[in-house]
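Presented below is the structure to which this report refers.
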């Protein structure tokens, strides 16, 4: 099976959890699949949906930190229900977590997306618009299916790995966001529970799966593998 392999690196990354809206703005330790579809859409210059490609990835970062960030505050618009309005008191200040020195290895089943990463239509980022990344390589590779291996730095659906005893953090997040260009709002789709595995390459976890594991194409760790995500129906 052939796949598109994209490797990228940045200075910072942040993956906002949509259901955490008070206090410190926490970050997921790895990108969600919706975030990655957003990255691909940015590079392609069009909306890329789950119907367009399957995704596999491994993400690493050196540490997590916090900073103060000015935010735009919105209020409910009684005159136009469904359309938010700016808060009358203006912007606010919030502490926000971010990840330092992020790297990502991305696998895509759609080889037609190669041009999107060789010549991006938008400015690629991992999270906020200021979390810029540099695309280091884009290659078409042959994937080798495996039934077990050592995995890390990814997001596994709990429904598929609930009996595997995989250590990690559990997050309920949308699998992807559906964008309505008519009202310029994003709607969450397929809310599900995912396991965010450790991003430390030395702390990989052994997993087994009948269909969706492939040999890691670039890792030096013997037995390393990656998970190729199956979208919910």
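What to note about this one:
- Flag if residue 78 is more than 17 Å from residue 23 (Cα to Cα) and modelled with pLDDT of 85 or more: no
- Selection within the stretch 209-229: residues that are loosely packed, with under 13 Cβ neighbours inside 10 Å and at pLDDT below 90. The member of this set that is farthest from residue 174 (Cα to Cα) is 220.
- The numbered conditions (1) surrounded by fewer than 16 Cβ atoms within 10 Å (Cβ to Cβ); (2) over 17 Å from residue 37 (Cα atoms); (3) at pLDDT below 90 are all true for residue 193 except (3).
- Residue identified as modelled with pLDDT of 90 or more, more than 19 Å from residue 56 (Cβ to Cβ) and surrounded by 16 or more Cβ atoms within 10 Å (Cβ to Cβ) among 198, 125: 125
- Flag if residue 159 is out of contact with any helix residue (DSSP H, G or I) (no Cβ under 7 Å at 6 or more places or on another chain), within 16 Å of residue 32 (Cβ to Cβ) and surrounded by fewer than 16 Cβ atoms within 10 Å (Cβ to Cβ): yes
- Residues in the stretch 104-127 that are at negative phi, touching a strand residue (DSSP E or B) at 6+ places or on another chain (Cβ under 8 Å) and not in a strand (DSSP E or B): 109, 110, 111, 113, 114, 117, 118, 120, 123, 124, 126.
- Single match in 53, 78 (criterion: in contact (Cβ under 8 Å) with a residue 40 or more places away in the chain, in a loop (DSSP other than H, G, I, E, B) and either exposed (fewer than 11 other Cβ atoms within 10 Å of the Cβ) or in contact with a helix residue (DSSP H, G or I) (Cβ under 7 Å, 6 or more places away or on another chain) (or both)): 53
- The listed residue being in a strand (DSSP E or B) and surrounded by 12 or more Cβ atoms within 10 Å (Cβ to Cβ), out of 47, 66: 66
- Qualifying positions in the stretch 81-103 - buried (at least 16 other Cβ atoms within 10 Å of the Cβ) and part of a loop (DSSP other than H, G, I, E, B): 102
- In summary, strands (runs of 3 or more DSSP E) completely within the stretch 153-229 and bearing 2 or more residues that are touching a strand residue (DSSP E or B) at 6+ places or on another chain (Cβ under 6 Å) and without any contact (Cβ under 8 Å) to a residue 12 or more places away in the chain occur at 185-196.
- Residues of the stretch 4-48 satisfying the condition of being modelled with pLDDT under 95 and touching a helix residue (DSSP H, G or I) at 6+ places or on another chain (Cβ under 7 Å): 15, 47, 48
The values are calculated or read from the model by the stated rules, or taken from the named source; none is laboratory data. Remember, predicted model here, so these are calculated numbers, not experimental data. Note: ideal-geometry Cβ built from the backbone for every residue, glycine included; neighbour counts use all protein chains shown.
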